[in-house]
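Enquirer: Before I ask anything, let me first share the structure, which is written out below as structure tokens.
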């Protein structure tokens, strides 16, 4: 193998000191990358290490735009925000890129949405009316009532989780529609339903059913 000229070694060392990458130096000078790395190892210990990272796909303007989509309510998830921002980009980005922008520029974190029953105004009025009608009942009155309860045990999958992007350090607002999961009837997967009803202090009936 022909020895490398000293002038080439000196050029490589100077470019390494300027912070250039081994790949770029090897391509420019027509030498192997292993030779450049060898000179780096044998050179002084204080040689700068080049940053091994790809150029960012989103500019600061793009990052502010995708964060604004979440904060202004135009998009609820990273997937939705990504679809909107990709309409103006020549090279589409992934939802993970949008999530990094949320955390880096918007100081946003994903939190689980608050689960609440979807009660209508009539539901609320009926519940209040029922509570007022029974507020004077005694313990003996309540003993004449047949009580029932049930619980659901998931066997396959879950009822799902939904998340909301909110600023770091702030809690979810229960009054915000973007941060509340209004549950109606969206049970997912195979589950079992256990129920019972009782009267006074005695349990009268109980059962278990598998729901598909």
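Enquirer: At 7 Å along Cα-to-Cβ for each site, give me the label-to-label distance between residue 125 and residue 29 in nm.
Expert: Result: 8.5 nm between the two label points.
Enquirer: Same structure again: Using a 10 Å cut-off around each Cβ, can you sort 8, 82, 151 from fewest to most neighbouring Cβ atoms?
Expert: Arranged by neighbour count, lowest to highest, 8, 82, 151 become 151, 8, 82.
Computed from the coordinates by the stated procedures, all read-outs in this text should not be read as laboratory data. The shown structure was predicted, so the numbers you read here are calculated from the model rather than taken from an experiment. Every residue, glycine among them, receives a Cβ derived from its backbone with ideal geometry; neighbour counts consider all protein chains shown.
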